[in-house]
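Enquirer: A single structure is presented below for examination.
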């Protein structure tokens with residue numbers, strides 16, 4: 001059986017952290033600000049002390065100060081659950097003010113995940129949004145994960161590198177339960193979508209153009225989530241639902257946008273192609289006209305910042321997800 005975790009004890013320990021920080025040597029004359037705009041839960045199979053996670057959260061928290069609840073799932077079917085609290089603090093530029101947020105670290109064996117929802121609900125900051133970032137998608141399949149996800153108003157996943165069919169099925173299942181879901185694989189495409197939309201709009205002034213085919217070239221032997229999302233978004237943009245073709249790149253080199261090598265929109269009077277050149281460079285070709293631009297690589301922090309800024313549903317993503325899932329089924 002799991003050892004009892006008492007949320008009221010953890011909340012009391014958090015309060016004691018603030019009292020202690022005010023009494024530390026050198027704190028006199030230095031304002032300590034307790035900041036919180038949401039509850040951010042992180043569901044992970046890795047230690048939160050790993051450098052890459054520490055770096056991501058360290059860059060994210062000053063922009064979105066929050067009560068941080070890190071849920072580390074490690075171990076087998078036993079019902080083992082442990083907890084600890086800490087504070088993260090930083091100084092604002094040019095000020096003596098120290099800003100601090102609260103972190104609760106819950107360590108749970110897989111068999112204790114079902115015990116987490118009442119604990120988490122008691123620990124969330126009252127009357128503020130609750131977002132859950134699930135770092136590894138297979139954690140969504142754990143027994144008891146469903147009720148845990150229901151404690152959040154928004155769930156963020158990342159289907160990059162996952163089998164697209166299974167990933168889309170998981171996301172659609174969560175959405176069918178009324179959850180607001182975001183996918184960082186989709187967020188990586190923001191600049192691709194902006195560039196395609198802007199380029200096509202500049203051409204459409206001489207149109208309208210009929211689009212018959214969409215082609216997406218990708219790394220690997222089969223299209224990943226990003227390639228399918230991009231094709232789904234493009235297909236949804238045209239009323240005639242043009243055919244979609246996926247091609248594997250022979251020499252992809254360094255790619256921007258999560259493994260996408262090129263995207264093309266083709267019709268009787270228009271051919272528009274975006275092709276990566278390596279190191280973020282992109283060639284934009286419209287008929288015989290050629291220009292060049294950049295798509296800067298996105299790190300996890302920038303992706304999370306973009307998603308946390310979206311409070312409500314994203315209908316464009318939802319339509320692209322539906323089309324991407326349909327394309328995945330057609331490819332089988």
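Enquirer: May I ask you to derive the relative contact order of the chain, considering only C-alpha pairs under 8 Å and at least 6 residues apart, and to give it as an integer percent?
Expert: RCO, the chain: 14 percent.
Enquirer: Sorted by average packing, counted as other Cβ atoms within 10 angstrom per residue and highest first, what order do 129-141, 150-162, 169-181 take?
Expert: Listed from highest to lowest mean packing, they are 150-162, 129-141, 169-181.
Enquirer: Using alpha carbons only, how many degrees (0 to 90, rounded to 10) separate the axis of helix 315-331 from the longest principal axis of the chain?
Expert: Result, in degrees: 60.
Enquirer: Here's another thing I want to ask about it. Compute the angle between helix 164-176 and the longest alpha-carbon principal axis of the chain, please, reported from 0 to 90 degrees and rounded to the nearest 10.
Expert: 60 degrees
Enquirer: Let me ask something else about it. By how many degrees, 0 to 90 and rounded to 10, does the Cα axis of helix 190-204 deviate from the longest principal axis of the chain?
Expert: Orientation of helix 190-204: about 30 degrees from the principal axis.
Enquirer: Oh, and also: Based on the mean of other beta carbon atoms within 10 Å per residue, what is the order of 314-325, 233-244, most packed first?
Expert: Packing order, densest peptide first, comes out as 314-325, 233-244.
Enquirer: Compute the length gained on full extension between residue 91 and residue 63: take 0.36 nm times their separation in residues and subtract their Cα-Cα distance, giving the result in nm to one decimal.
Expert: Once the chain is fully extended between residue 91 and residue 63, it gains 8.8 nm.
Enquirer: Work out, step by step, the length gained on full extension between residue 322 and residue 299: first 0.36 nm times the residue separation, then minus their alpha carbon distance; give nm to one decimal.
Expert: Length gained, residue 322 through residue 299: 5.7 nm.
Enquirer: Take the alpha-carbon centre of the range 234-248, take the same for the range 165-233, and report the distance between them in whole Å.
Expert: 10 Å
Enquirer: Still on this model: Here are some values of Rg and Dmax of the Cα atoms in Å: (1) 20.6, 65; (2) 19.6, 58; (3) 22.9, 74. Which one was computed from this structure?
Expert: Read-out from the structure maps to (3).
Enquirer: Could you tell me whether the range 190-294 comes out rounded, prolate or oblate from its Cα gyration tensor? Rule is a ≥ b ≥ c as square roots of the eigenvalues, rounded for a/c under 1.5, then prolate if a/b exceeds b/c, otherwise oblate.
Expert: Judged from the Cα gyration tensor, the range 190-294 comes out oblate (a/c at least 1.5, b/c at or above a/b).
Enquirer: Here's another thing I want to ask about it. How many nm is it between the label spots at residue 45 and residue 248, if each spot is 7 Å from the Cα in line with the beta carbon?
Expert: Those two pseudo-labels are separated by 2.5 nm.
Enquirer: Calculate the FRET efficiency for residue 212 and residue 172 from the Cβ-Cβ distance with a Förster distance of 25 Å, rounded to the nearest 0.05.
Expert: About 0.30, to the nearest 0.05.
No value in this document is a laboratory result; all are computed from the given coordinates. As the structure is a prediction and not an experimental result, all values here were calculated from the model. Here Cβ is always computed from backbone atoms with ideal geometry, including for glycine, and neighbour counts include all displayed protein chains.
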